[in-house]
1. Over all directions, the average projected area of the alpha-carbon convex hull for region 57-115 comes to how many nm²?
2. Suppose all protein chains stay in the model; what accessible area per residue would a 1.4 Å probe give for the chain, in Å²?
3. About the Cα centre of region 9-117, how large is the charge dipole given +1 on each Lys and Arg Cβ and -1 on each Asp and Glu Cβ? Please answer in debye to the nearest 20.
4. Restricting attention to the alpha-carbon atoms of the chain, what are Rg (one decimal) and Dmax (integer), both in Å?
5. Which of the three applies to region 1-47, rounded, prolate or oblate, going by the alpha-carbon gyration tensor with a ≥ b ≥ c and a/c under 1.5 meaning rounded?
6. Counting Lys +1, Arg +1, Asp -1, Glu -1, what net charge surrounds VAL96 among other residues with beta carbon under 14 Å of its beta carbon?
7. Looking at the chain, how many pairs of lysines come closer than 17 Å at the Cα, when each pair is eight or more places apart or spans two chains?
8. Considering the chain as a Gaussian network with a 10 Å cut-off on Cα pairs, which listed residue, GLU28, GLU36, GLU77, attains the greatest mean-square fluctuation?
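The values are calculated or read from the model by the stated rules, or taken from the named source; none is laboratory data. In this text the structure is predicted, and so the values were computed from the model without any measurement. Methodologically, a virtual Cβ is constructed for each residue, glycine included, from the backbone with ideal geometry; neighbour enumeration extends over all protein chains shown. Accessible surface is based on the protein model in full, side chains and every heavy atom, while ligands, DNA and RNA are left aside. Shrake-Rupley method; radii C 1.70, N 1.55, O 1.52, S 1.80 Å.
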Amino acid sequence: MDFDRLCKDIIGLDPKIRFAGVCDDVGEIVYGGQREGITDLLSTEESRRSNLQAIARWALRSSLSPKVGRGRYAIAEYEKIKRITFPMDESNLLLVTTEVDADHNKIIRDILTLIRE
């Protein structure tokens, strides 16, 4: 899958999407980025630590998958953003952030459609 193209397509889905990126297994963003004109809420190091936490949570979910099935996405809503994560493969995680008032159900459906194409 062309992760760079995927991230650009995701940014184009909805103006409420702030960020779409793919991180590797050490928490570094290797594809994608932030929508133009959006201000960072976290420093680079804070973002990397947050990515590592997301990776650890997906590792736990994966350990439970034989009993509950493979996870498709996870969402967390904070006071200032929503963060949606999607497992892509063994070593990559798709991270998407939106404004709080974004229609996350539609965004998730659209992203799942893009991932399956």
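1. Working: hull surface 17.5 nm².
Seen from a random direction, the Cα hull of region 57-115 projects 4.4 nm² on average.
2. On the way: 7250 Å² over 117 residues.
Accessible surface, normalised per residue, equals 62 Å².
3. Details: 16 positive and 18 negative charges, 106 e Å.
Result for region 9-117 is approximately 500 debye, rounded to the nearest 20.
4. For the chain, the Cα-based Rg and Dmax read 13.4, 43 Å.
5. Details: a/c = 2.84, a/b = 1.09, b/c = 2.60.
Verdict is oblate for region 1-47.
6. Numbers: positive: LYS8, LYS16, ARG18, ARG35, ARG72, LYS82, ARG83, LYS106, ARG109; negative: ASP9, ASP14, GLU77, GLU99, ASP103, ASP110.
It works out to a net charge of +3.
7. Working: LYS8/LYS16; LYS16/LYS80; LYS16/LYS82; LYS16/LYS106; LYS82/LYS106.
Within the chain, the lysine pair count is 5.
8. GLU36
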